[in-house]
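The values are calculated or read from the model by the stated rules, or taken from the named source; none is laboratory data. Because the structure is predicted, anything quoted here is derived from the model rather than measured. A quick note on method: Cβ atoms are made from the backbone with ideal geometry, for glycine too, and the neighbour counts reach across all protein chains shown. Please note that ligands, DNA and RNA were not included when accessible areas were found on the heavy atoms of the full protein model with its side chains. Shrake-Rupley method; radii C 1.70, N 1.55, O 1.52, S 1.80 Å.
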Amino acid sequence: MPMRAFIRLALLTLAVLRPAAHAEDGYDLWLRYRPVQGDLLTAYRAAATEIVPPGTSSPTSAIVSTELSRGLGGLLGSAAPPAVPAPTRDGSIVFGTPVSSPLIARLHLNLKGLGDDGYVIRSASFAGHHITVIAAPHDVGVLYGAFHFLRLLQTHRPLEPLELSSAPRIRHRVLDHWDNLDRTIERGYAGESIWDWQKLPDYLDPRYTDYARACASVGINGTVLNNVNASAISLTPPYLRKLAALADVFRPYGLHVYLSARFSAPIEIGGLKTADPLDPAVRAWWRAKSDEIYTLIPDFGGFLVKANSEGQPGPQDYSRTHADGANMLADAVAPHGGIVMWRAFVYSQEQPDDRAKQAYDEFVPLDGKFRDNVILQVKNGPIDFQPREPFHPLFGAMPRTPLMLEVQITKEYLGMATHLVYLGPLFEETLRADTYARGKGSSVAKVTDGSLFGHPRTGIAGVANIGSDRDWTGSHFNQANWYVFGRLAWDPLQSSRDIADEWVRMTFSNDPAFVAPVVGMMMSSREAAVDYMTPLGLAHQMARTTHYGPGPWVSGGPRADWTSVYFNRADAQGIGFDRTATGSNAVVQYAPPVAAKFTDLKRIPDNLLLWFHHLPWDYKMRSGHTLWDELVIHYSDGVRTVGDMRRTWASLAGKIDSHRYAQVSTFLEIQEKEARWWRDASIAYFQTFSHQPLPAGFSPPEHDLHYYETLCFPYVPGHSPLPGEKCQ
Ligand code: GCV
């Protein structure tokens, strides 16, 4: 055989043998659009016979057409329904705005109160035909509506009659990428950054479009592209052009780009001697920089700033306040309609006071001092995205300042890529927490959606878990956390269980024998992680800096409040951080009814006990157990629940594709091993203080404490080791 022909044959054979690149590898996320079967298929085919795009096309309406064709083509297992100028039969899907579509205008739908992003989906009659209408005041609302319509089919919901109307309760629904310009990601566990800065602005990876599409499908409308530990280089002209190229891709999906701004940029790239926010030259520099950005990106969202926190520069370097800093940037972007998201994640470099108190102490005196286009971005809890924290006391404490909730979607403290931890219940717990700021019913959700204090400027941010891994998020189940963030950002009052249910249906299968057990697993997974890592209100017990695995013994180093012993306060007497009047008194930062509840040992929930109280090892719990026994029981429960999750998953073999099934199985195996590691290491360490045996029937740690203390993992993803950095 001539060489050429042989090579051709070899390549052909290879192509046949290689599994299809688009097998169920997770790339399609929840937008898989696999064919519906049975009676439902007949009903859906009858309800989606043709598509009627608006008369006047726009980039966004073209995307709606493509998405409906792609979605319906896939779901109906046939050629995509044809696009026609007007309904010709039953089952027409008409979409558009009253401006883009004369047909929609003629229906005189009530689109009031839908705002910029809302939509309606209605069954209607038109020229004797039963049709479905997806209409909105603006194009992007139509896109959101189209994704909603497809979701109905994806989750096997009935289509007739449809009378749906939806508008987001929160205006800025933003992903914060902690992506560095060298493509590493701080606390990222899904490969490198998807932003390939080196090839931008010329090469536009198709992933950018798929990313925007996925965001739009859950209503996310903003993305901060760079790490809050920011490099000023992202503000230089070449990088702004790269940013503009991404903004062009994202725009038709309603996705606005933002930048994390390094406060000292005027010095680093502007040649100024100071970054003092009251200095006229500095103010002029930021104004000019903002003008430059808006020339390139007219719909640029604005800046996110981490200032005077963990070594980042900020206004306090010049004896100015956070308000001075935020307002200076706010003035620079205001003429263009931009906003500043100023982070409240601060704790002093010097102050020895309880770290949980410091953000409140710094920001409450500044209430009412921020410009209208500043939103304060507040983490869900007062420390740092722990498996469980009480809600942040700033929620409810700054009535004259809009506050946006910041949650972490990437699982820095919750098992990184491999642990199956569905964060919906964590987000929901925060959103539903009652601040009592205006009496009972003053939930964090109502602070965030602006309804409690009447703020029109509202926002929510999630630290992204997205990377270049084929499955985007480092594991199939981590996709659920991106999904639930978007869905709760749209409506923070939704139930995380309902969202899990729809995600499972879209991502895996509608088979009830699969959906129910998997939703059950997801719903118990967060509590399991709390149990095997930090039960009963413990927090920050992870290994130093990498946060991978247990490290309750971590002490010493540059700052006390980066150590585990600072937070667990274990000693011969007992365990826990006294934050009542006899301790740091952080509890008084909450409204009186909340503070009273947290202070009262009879009323505080067990799951926050050691957050607020230092209690003796033999303290009698509600259950009748001693505190020590209860701790051991919780650690063990966490491991047991993961074992249950593994068994549940094993019972589902054959119900989904083997590729994803196998990865989840292996990850659950890793999780069980690591849950046991967490339990055993924590028990071994705390037992050196409690000096008590384990309750009857509970197995002792597999190894001695020294074994756990000397485990060393220098190259954990998401963290760049410093030269000479030690493990623990
Ligand atoms: C971006 C924690 C993380 C840091 C992160 C910081 C923040 O401290 O460990 O990696 O830095 O939070 O939210 O700014």
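Of the residues that sit in segment 475-518 and are open to solvent by 10 Å² or more (accessible area, probe 1.4 Å) and small (Gly, Ala, Ser), which one is farthest from residue 210 (Cα to Cα)?
Checked segment 475-518; the qualifying residue farthest from residue 210 (Cα to Cα) is 513.
When segment 412-443 is examined, which residues are found to be among the polar types (S, T, N, Q), open to solvent by less than 20 Å² (accessible area, probe 1.4 Å) and either in contact with a helix residue (DSSP H, G or I) (Cβ under 8 Å, 6 or more places away or on another chain) or closer than 20 Å to residue 643 by Cα (or both)?
430, 435, 443
Between a first residue in segment 186-209 that is of a type in the set (Asp, Glu) and a second residue that is open to solvent by less than 10 Å² (accessible area, probe 1.4 Å) and within 16 Å of the ligand (Cβ to nearest atom), which pairs have beta carbons less than 7 Å apart while being 6 or more apart in sequence or on different chains?
Once the first residue is of a type in the set (Asp, Glu) and sits in segment 186-209, its partners that are open to solvent by less than 10 Å² (accessible area, probe 1.4 Å) and within 16 Å of the ligand (Cβ to nearest atom) give 186/227; 192/467.
Can you tell which of 212, 245, 216, 230 is open to solvent by less than 30 Å² (accessible area, probe 1.4 Å), more than 16 Å from the ligand (Cβ to nearest atom) and more than 30 Å from residue 502 (Cβ to Cβ)? Outline the logic, then answer.
Numbers: 212 fails: more than 30 Å from residue 502 (Cβ to Cβ); 216 fails: more than 30 Å from residue 502 (Cβ to Cβ); 230 fails: more than 16 Å from the ligand (Cβ to nearest atom).
One residue alone meets the criteria, 245.
Residue-wise test of (1) in contact with a helix residue (DSSP H, G or I) (Cβ under 9 Å, 6 or more places away or on another chain); (2) within 16 Å of the ligand (Cβ to nearest atom); (3) assigned to a loop (DSSP other than H, G, I, E, B).
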{"site": "452", "(1), (2), (3)": "yes, no, yes"}
{"site": "457", "(1), (2), (3)": "no, no, yes"}
{"site": "466", "(1), (2), (3)": "yes, yes, yes"}
{"site": "493", "(1), (2), (3)": "yes, no, yes"}
{"site": "547", "(1), (2), (3)": "no, yes, yes"}
{"site": "555", "(1), (2), (3)": "yes, no, yes"}
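Evaluate the following for residue 531: is it more than 16 Å from the ligand (Cβ to nearest atom), open to solvent by less than 40 Å² (accessible area, probe 1.4 Å), within 21 Å of residue 632 (Cβ to Cβ) and at pLDDT 95 or above?
Values: more than 16 Å from the ligand (Cβ to nearest atom): yes; open to solvent by less than 40 Å² (accessible area, probe 1.4 Å): yes; within 21 Å of residue 632 (Cβ to Cβ): yes; at pLDDT 95 or above: yes.
Yes.
For segment 332-349, check the following and say yes or no: at least one residue is closer than 24 Å to residue 587 by Cα, open to solvent by 10 Å² or more (accessible area, probe 1.4 Å) and at pLDDT below 95.
So far as segment 332-349 goes, yes, one or more of its residues are closer than 24 Å to residue 587 by Cα, open to solvent by 10 Å² or more (accessible area, probe 1.4 Å) and at pLDDT below 95.
Just for segment 361-384: of the residues that are of a type in the set (D, E, K, R) and within 13 Å of the ligand (Cβ to nearest atom), which one is nearest to residue 259 (Cα to Cα)?
Of the residues in segment 361-384, the ones of a type in the set (D, E, K, R) are 361-362, 367, 369, 371-372, 379, 384.
After this cut, where a residue has to be within 13 Å of the ligand (Cβ to nearest atom) as well, the list is 379, 384.
On the way: 379: 19, 384: 22 Å.
Step by step, filter segment 361-384, then rank; the result is 379.
Here is a yes/no grid of residues against (1) of a type in the set (Ser, Thr, Tyr); (2) in contact (Cβ under 8 Å) with a residue 12 or more places away in the chain; (3) part of a helix (DSSP H, G or I); (4) away from the ligand (no atom under 14 Å from the Cβ):
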{"position": "340", "(1), (2), (3), (4)": "no, yes, no, yes"}
{"position": "347", "(1), (2), (3), (4)": "yes, yes, no, no"}
{"position": "359", "(1), (2), (3), (4)": "no, yes, yes, no"}
{"position": "386", "(1), (2), (3), (4)": "no, yes, no, no"}
{"position": "412", "(1), (2), (3), (4)": "no, yes, no, no"}
{"position": "417", "(1), (2), (3), (4)": "no, yes, no, yes"}
{"position": "426", "(1), (2), (3), (4)": "no, yes, yes, yes"}
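Quick check on segment 389-408: of everything there that is open to solvent by 10 Å² or more (accessible area, probe 1.4 Å) and out of contact with any strand residue (DSSP E or B) (no Cβ under 6 Å at 6 or more places or on another chain), which residue is nearest to the ligand (Cβ to nearest atom)?
389
Kindly indicate whether residue 140 is outside any loop (DSSP other than H, G, I, E, B), open to solvent by 10 Å² or more (accessible area, probe 1.4 Å) and either touching a Pro at 6+ places or on another chain (Cβ under 9 Å) or within 16 Å of the ligand (Cβ to nearest atom) (or both). Spell out how you get there, then give the answer.
On the way: outside any loop (DSSP other than H, G, I, E, B): yes; open to solvent by 10 Å² or more (accessible area, probe 1.4 Å): yes; either touching a Pro at 6+ places or on another chain (Cβ under 9 Å) or within 16 Å of the ligand (Cβ to nearest atom) (or both): yes.
So residue 140 fits the description; yes.
Among the listed residues 299, 276, 324, identify the single one that is acidic (Asp, Glu) and over 26 Å from residue 462 (Cα atoms).
That would be 276, the only listed residue that is acidic (Asp, Glu) and over 26 Å from residue 462 (Cα atoms).
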